[in-house]
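Please read the structure below before turning to the comments.
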Amino acid sequence: MPDSFTRIIVASAPALFVVMWATGFIAARLAAPHVEPFTFLAIRFPLAAALFAGIAVVMKAPWPAPRLALHAGITGAFIHAIYLSTVFWAVSHGLPAGVSALIVGLQPLITAFIASALVGEEITPRHWFGLLVGVSGVGLVISPRLSLAAIDGITPATTLACLGGTLAIAFGTVYQKRFATTLHIASGGAWQYVGASIVMVLAVALFEEGRFDGSFNAWFALSWSVIVLSLGAISLLMLLIRHGEIARVSSLMFLVPAVAALMAYGLFGETLTLVQVAGMAVCAAAVVIVNRRRPAAS
């Protein structure tokens, strides 16, 4: 029964992960007027660490040795703190959301390069083709949001910050696969968020005033981010990394802008054009291309 249950969870994890991860853009939009971005993350990450630690205690999960705990902390610093903080900073300093989504859309391609170099994962021509198709699909999905009116926000600083965040999550994903896949999701997750918390507390001390207005939207976005994103989506991501090839796992990110666009259309009435719908189809095709298994040898 446990093996059957695990197979069911792993089979449904990709779709659940994409939907959960896409809600992060909605939560960020709700929180933006009410709390500074680094402050938001500096509150979110310790709460997530405490939540994972509590789950680990209840489940009697094994706690990692210091070396593995350090690996988990480094993974968390890259996947959570550096990735989110740099992208949030770039957007808050004028980088158009569409441009940031396009840059972040390069993550599966960058991850594949890093995985090939650091863990020796074979990336076939079919994979590369699928990844390039995915980048094209992301471009179509976010194209209506690429406005020349916001061109002033595209500066070397904001562009490099967003690219740095994209490199961080790509590297962190490969680092997790290389050094920390044996960790229990609960106890390992707690240490991931300890590492992320340290980075963000330092960032707030250096760059922000700690503004948090305590409004309903701020608390709702924070609660959603801790429970649905930090606990749900990240646990699914760690599960997918453990059970799959990195290129296949990271290709799911191509679907996130499409799902986020659908959510924004339903919740905020944002325009959904035929070009975006076509882009969604291209993104879905890219994921199919990357994840299609080779025929078994006869």
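At-a-glance table
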{"item": "Given (1) surrounded by 21 or more Cβ atoms within 10 Å (Cβ to Cβ); (2) of a type in the set (A, V, I, L, M, F, W, C); (3) modelled with pLDDT of 80 or more; (4) outside any loop (DSSP other than H, G, I, E, B), number of the condition Leu183 does not satisfy", "result": "(4)"}
{"item": "Residue selected from region 76-99 under the condition of a type outside the set (A, V, I, L, M) and more than 13 Å from the chain's Cα centre (by Cα), by the criterion surrounded by the fewest Cβ atoms within 10 Å (Cβ to Cβ)", "result": "His93"}
{"item": "Failed item in (1) surrounded by fewer than 20 Cβ atoms within 10 Å (Cβ to Cβ); (2) in a helix (DSSP H, G or I); (3) modelled with pLDDT of 75 or more, with Glu122 passing the rest", "result": "(2)"}
{"item": "Subset of region 215-226 that is among the small types (Gly, Ala, Ser) and touching a residue at least 60 places away in the same chain (Cβ under 8 Å) - its residue that is surrounded by the most Cβ atoms within 10 Å (Cβ to Cβ)", "result": "Ser225"}
{"item": "Residue match in region 244-261 (condition: over 13 Å from the mean Cα position of the chain (by Cα), surrounded by fewer than 21 Cβ atoms within 10 Å (Cβ to Cβ) and under 16 Å from Ala22 (Cα atoms))", "result": "yes"}
{"item": "Single condition Leu30 does not satisfy, out of (1) in contact with a helix residue (DSSP H, G or I) (Cβ under 7 Å, 6 or more places away or on another chain); (2) at pLDDT below 90; (3) closer than 26 Å to Ser250 by Cβ", "result": "(3)"}
{"item": "Options Phe40, Phe52: the member that is buried (at least 18 other Cβ atoms within 10 Å of the Cβ), touching a strand residue (DSSP E or B) at 6+ places or on another chain (Cβ under 8 Å), of a type in the set (Phe, Trp, Tyr) and modelled with pLDDT of 80 or more", "result": "Phe40"}
{"item": "Set Leu132, Leu148: member being at pLDDT below 80 and of a type in the set (A, V, I, L, M, F, W, C)", "result": "Leu148"}
{"item": "Region 243-280, residues that are charged (D, E, K, R) and either under 21 Å from Thr166 (Cα atoms) or in contact with a Phe, Trp or Tyr (Cβ under 8 Å, 6 or more places away or on another chain) (or both)", "result": "Glu245, Arg248"}
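The values are calculated or read from the model by the stated rules, or taken from the named source; none is laboratory data. Since we're looking at a predicted model, the values are computed, not measured. Because the Cβ atoms are built from the backbone with ideal geometry, glycine has one as well, and the counts that use them run over all protein chains shown.
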